[in-house]
1. Starting from the Cα of residue 141, step 7 Å along the direction of its Cβ; do the same at residue 259; then give the gap between the two resulting points in nm.
2. Amide H neighbours of residue 123 under 5 Å, at least 5 residues apart or on other chains, H built in the peptide plane: list them.
3. Let me have the relative contact order for the range 159-275, percent, based on Cα pairs under 8 Å that are six or more residues apart.
4. Let me know the whole percent of all Cα-Cα pairs from the range 143-275 that are separated by more than 24 Å.
Amino acid sequence: MEEEEINQEEKTNIFSGFGEDKEDNKNKNMKIIVSVVGAVVVLALFIYLISGLTGSNTATTLAIADLEDTEEAQLENQAVLEEIGIITADNDLETETGIESLNDLDDGFETDEFETTITTTTVSNYLQAVDKVLELRQATESRNTIEIAELVTDMNLYLEDLEETRTLLLPWQRLISCAYTGCDDTVFVAMIDAFATEDLNNKDHMTVHSVIETYNYWDGKNTVLFSGSLTTTNKLVLDNYNSEVISKWNEMIRCNGDCGEFNDMLFDLVGLIIN
């Protein structure tokens, strides 16, 4: 009897706590599951908020998109600067993508290496001024704002240096008033003729002025004046210039003021004469 009680006690000792351990493990597992689920929910909520604020599925996608936009903008800036002649071999922005990170550039401009203000003109005579007018016409037609600004500044400095500009002032004012919006070709013609007539003792000046005079009479309103001017211009061209100039002049005569390229022919001819 006593032996049976001992065996029963041993069984009780062996199995005592078995159910309790199992219950404890179950509680621990539940806590772990709850913690994991909570973490997942928090992470999902965070991703959702990021997506809602940025419009992107992930923060990584947003970062890549920002980087691509920045590089594209920098490349576009590089292309624009090259187009207007600002970027040179000395200050080129170079990386694997063709540019250097803007963060690596020094703040501000180094005035010793890059002049931000034009203070001296590149024009030294009237014929060079005529050439600048031809360039300004092209810049105005293409709406190249930077080039227009540079040409206007350059020419204005030249005019400021001249002792006498009364005959140049009016056509110049007309030209700069429409340079950014678009000028009629007659405005450029008047400016070129104003420079040409400043020195009619010069062969090129005389020829340019004569060509423009003939051009103005080519409207057929005064046959006598047109005929006399055409004869004079034709002799000047044939006697003083090469085959390229003569060929362009012949194109104008063939056109006879009645083709769409007539004005372009005039400006091309002037460019050939002065160069």
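1. A separation of 1.5 nm, rounded to one decimal place.
2. none
3. That works out to 19 percent.
4. Value for the range 143-275 (Cα pairs over 24 Å): 33 percent.
Read the figures in this text as sums done on the coordinates, not as results from a lab. From a predicted model like this one, the values you see are computed outputs, not experimental measurements. Here Cβ is always computed from backbone atoms with ideal geometry, including for glycine, and neighbour counts include all displayed protein chains.
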